[in-house]
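Undergrad: Take a look at the following structure, please.
The values are calculated or read from the model by the stated rules, or taken from the named source; none is laboratory data. For clarity, every value in this text was computed on a predicted model and none was experimentally measured. Here the Cβ is made from the backbone with ideal geometry for all residues, glycine too, and neighbour counts use every protein chain on show.
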Amino acid sequence: MAQGAVLIEQNPDYLENMSTTNGAENIKRTWQAQWSYNVGLKGYAWDKTNGGASPTNAALATGSNWDRYATSVKDLAGILVNSQ
């Protein structure tokens, strides 16, 4: 695999909230959190039209959602060799 073939980095947008509800028989407490991260694949660009602006894991794994911009296969993330 080429150096820098895959990039996964967390964004500094982590947000969490704790909510407490009183007045019922029991105190109710809920916790919610959200965050995002960046994914990059050498030689390819994410296609927002096909894959969406906030893709799921399944969308990230779908090859048609990535557009190849590298003109040479030597500028891609790597290759897979199948042999018998």
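Undergrad: Considering only residues that are under 30 Å from M18 (Cβ atoms), in a loop (DSSP other than H, G, I, E, B) and either aromatic (F, W, Y) or touching a Gly at 6+ places or on another chain (Cβ under 9 Å) (or both), which ones fall in region 30-84?
TA: W35
Undergrad: Could you grab me the full set of residues in region 5-35 that are among the hydrophobic types (A, V, I, L, M, F, W, C) and either over 26 Å from the mean Cα position of the chain (by Cα) or loosely packed, with under 10 Cβ neighbours inside 10 Å (or both)? Outline the logic, then answer.
TA: Of the residues in region 5-35, the ones among the hydrophobic types (A, V, I, L, M, F, W, C) are 5-8, 15, 18, 24, 27, 31, 33, 35.
Passing the criteria: I8, L15, M18, A24, I27, W31, A33.
Undergrad: Additional query: Could you list, in sequence order, all residues of region 48-65 that are within 20 Å of N11 (Cα to Cα), surrounded by 10 or more Cβ atoms within 10 Å (Cβ to Cβ) and not aliphatic (A, V, I, L, M)?
TA: Residues satisfying the conditions are K48, G51, G52, P55, T56.
Undergrad: Still on this structure: When region 18-40 is examined, which residues are found to be out of contact with any Leu (no Cβ under 8 Å at 6 or more places or on another chain) and within 30 Å of G4 (Cβ to Cβ)?
TA: Residues of region 18-40 that are out of contact with any Leu (no Cβ under 8 Å at 6 or more places or on another chain), as a first pass: 18-32, 36-37.
Listed by number, the residues that qualify are S36, Y37.
Undergrad: Another question, if that's okay. In region 66-84, what residues are exposed (fewer than 10 other Cβ atoms within 10 Å of the Cβ) and charged (D, E, K, R)?
TA: K74
Undergrad: Quick check on region 36-47: of everything there that is within 11 Å of the chain's Cα centre (by Cα) and among the aromatic types (F, W, Y), which residue is surrounded by the fewest Cβ atoms within 10 Å (Cβ to Cβ)?
TA: Y37
Undergrad: Also, quick follow-up: Has region 61-83 got at least one residue that is aliphatic (A, V, I, L, M) and either touching a Cys at 6+ places or on another chain (Cβ under 7 Å) or modelled with pLDDT of 95 or more (or both)?
TA: no
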